[in-house]
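In what follows, a single structure is set out as structure tokens and then discussed.
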Amino acid sequence: MAVLVIADHDGAHLRDTTHKTVTAAKAISGDVDVMVLGQGASAVADAAAKIDGVRKVLLAEGAGVAQGLAEAVEATVVPLAAGYDAILVPANTDGKNYAPRIAAKLDVAPISDIVEVVSADTFVRPIYAGNALETIQSADAKKVITVRPTAFAAAGEGGSASVESIAAAEAPKTTFVSAEMVKSDRPELGAAKIIVSGGRALGSAEEFAAVIEPLADKLGAAVGASRAAVDAGYAPNDYQVGQTGKVVAPQLYIAIGISGAIQHLAGMKDSKVIVAINKDADAPIFQIADFGLVADYKTAVPELMAALG
Ligand code: FAD
């Protein structure tokens, strides 16, 4: 039984979500291959070859797969599926885009967002916005699985797998037009060790930028936001943490003026240490906070900034 992991990378660097997905793959099988799709991505393939326990790295280079077109990724992966019993991808934006397409082409049910591998056909995944965990057993001969990276430890280094170049397909009916990428010196939300998140309480985009961002910069943190803050235009869409945003599990999550609705908790409750600043002592966020400060952020955040020096 062999497993194929599709690597997550930015063209130059392998993201540690790949290492975490390899950990999930190793719980299914001892034969784990990694596929790197991209253009000029040989450094990424070399990095993948060093992951402990990886048998072989497949490097598929082409314009369509480099641009992340789901049609091109699917057309590259599906012809190889005969050699694998399971295909695993990180449950990030890209993985959620192409995994269902690969599953549909293979005529199997995709298994999304697993947080535990019980056995080769049985997996645990959150449901109801993370309020319950369900254990599912798949009867499909081939499994297409998205893996919640925050639920798995990263596989270590020490491997010396071979790298094999394979043909990358192009998207038959889709043309890449353009991508507008946000450039930021801050860490990526999904990989950050510290996240400072702001909610509706901030009241405006100017206040969000004046309060949340300097604190994040002082801590070397990524910036997150509740959906209410995003919907109100205080913060961009890609800052959203929660059920319909990003799922994060940093070492430290600081929630400022966020009530703690279940849909927000679904995206951050696995953070190692949660700090909440909220002026309402009954706010639900305090039920999961390790450190709760009942205070107006307008006084608490400047005090925190001053204490940090
Ligand atoms: P509020 O609930 O309005 O809370 C603001 C908090 O700020 C309050 O607790 C208040 O006491 C506190 N406050 C006010 N002034 C101050 C002050 N001066 N100092 C300190 N504290 C203050 N939400 C998400 O976040 N992410 C999601 O992915 C998400 N997905 C959703 C999906 C669905 C299908 C649905 C129905 C909802 C979803 N939501 C999501 C929305 C969610 O239900 C909440 O509406 C949202 O999280 C509330 O955001 P908030 O805590 O910033 O605002």
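Taking segment 89-113 as the range and being closer than 17 Å to Gly190 by Cβ and not in a helix (DSSP H, G or I) as the test, the residues that pass are Val89, Pro90, Ala91, Asn92, Ser112, Asp113. As a summary of the residue check, Ile274 satisfies the conditions (1) within 8 Å of the ligand (Cβ to nearest atom); (2) under 20 Å from Pro149 (Cα atoms); (3) outside any helix (DSSP H, G or I) except for the one numbered (1). Checked against the criterion of being within 25 Å of Glu116 (Cβ to Cβ), under 18 Å from the mean Cα position of the chain (by Cα) and buried (at least 16 other Cβ atoms within 10 Å of the Cβ), the candidates Val5, Val32 yield just one match: Val5. For segment 277-309, taking the residues that are outside any helix (DSSP H, G or I) and near the ligand (Cβ under 7 Å from one of its atoms), the one that is nearest to the chain's Cα centre (by Cα) is identified as Ile277.
For segment 265-291, residues that are of a type in the set (D, E, K, R), surrounded by 13 or more Cβ atoms within 10 Å (Cβ to Cβ) and more than 21 Å from Leu202 (Cα to Cα) total 2. Residue-level analysis places Ala82 among those that are free of Cβ contacts under 8 Å to residues at least 24 places away in the same chain and either in a loop (DSSP other than H, G, I, E, B) or more than 22 Å from the chain's Cα centre (by Cα) (or both). Restricting Ala27, Ala43 to those that are closer than 24 Å to Asp121 by Cα and either in contact with a Cys (Cβ under 6 Å, 6 or more places away or on another chain) or surrounded by fewer than 22 Cβ atoms within 10 Å (Cβ to Cβ) (or both) reduces the list to Ala27. Restricting attention to segment 194-212, the residues that are surrounded by 15 or more Cβ atoms within 10 Å (Cβ to Cβ) and free of Cβ contacts under 8 Å to residues at least 12 places away in the same chain add up to 1.
Of the set (1) within 20 Å of the chain's Cα centre (by Cα); (2) on the phi < 0 side of the Ramachandran plot, all apply to Gly68 but (2). Kindly list, by first and then second residue, each pair from a residue in segment 292-309 that is over 15 Å from Ile274 (Cβ atoms) to a residue that is among the polar types (S, T, N, Q) and surrounded by fewer than 17 Cβ atoms within 10 Å (Cβ to Cβ), limited to pairs with Cβ atoms under 8 Å and residues at least 6 apart or on different chains. Partner pairs satisfying both residue conditions: none exist.
Which residues, counting only those in segment 87-102, are touching a Gly at 6+ places or on another chain (Cβ under 8 Å) and aliphatic (A, V, I, L, M)? Val89, the sole residue that qualifies. I'd like the residue in segment 197-247 that is more than 11 Å from the ligand (Cβ to nearest atom) and in a loop (DSSP other than H, G, I, E, B) and, out of all such residues, is farthest from Lys96 (Cα to Cα). That would be Ser204.
Residues of segment 121-167 that are closer than 18 Å to Ala25 by Cβ, in a loop (DSSP other than H, G, I, E, B) and free of Cβ contacts under 8 Å to residues at least 60 places away in the same chain: Asp121, Ser138, Asp140, Ala141. Within segment 173-193, the set of residues being farther than 30 Å from Arg125 by Cα, surrounded by 10 or more Cβ atoms within 10 Å (Cβ to Cβ) and not polar (S, T, N, Q) comprises Phe176, Arg186.
Check Ser184 against each of (1) within 15 Å of the ligand (Cβ to nearest atom); (2) among the polar types (S, T, N, Q); (3) more than 21 Å from Gln287 (Cβ to Cβ) and name the one condition it does not meet. The one condition Ser184 does not meet is (1).
Throughout, read-outs are computed from the coordinates displayed, never taken from laboratory work. Quick caveat, the model's predicted, so the values are computed rather than measured. A quick note on method: Cβ atoms are made from the backbone with ideal geometry, for glycine too, and the neighbour counts reach across all protein chains shown.
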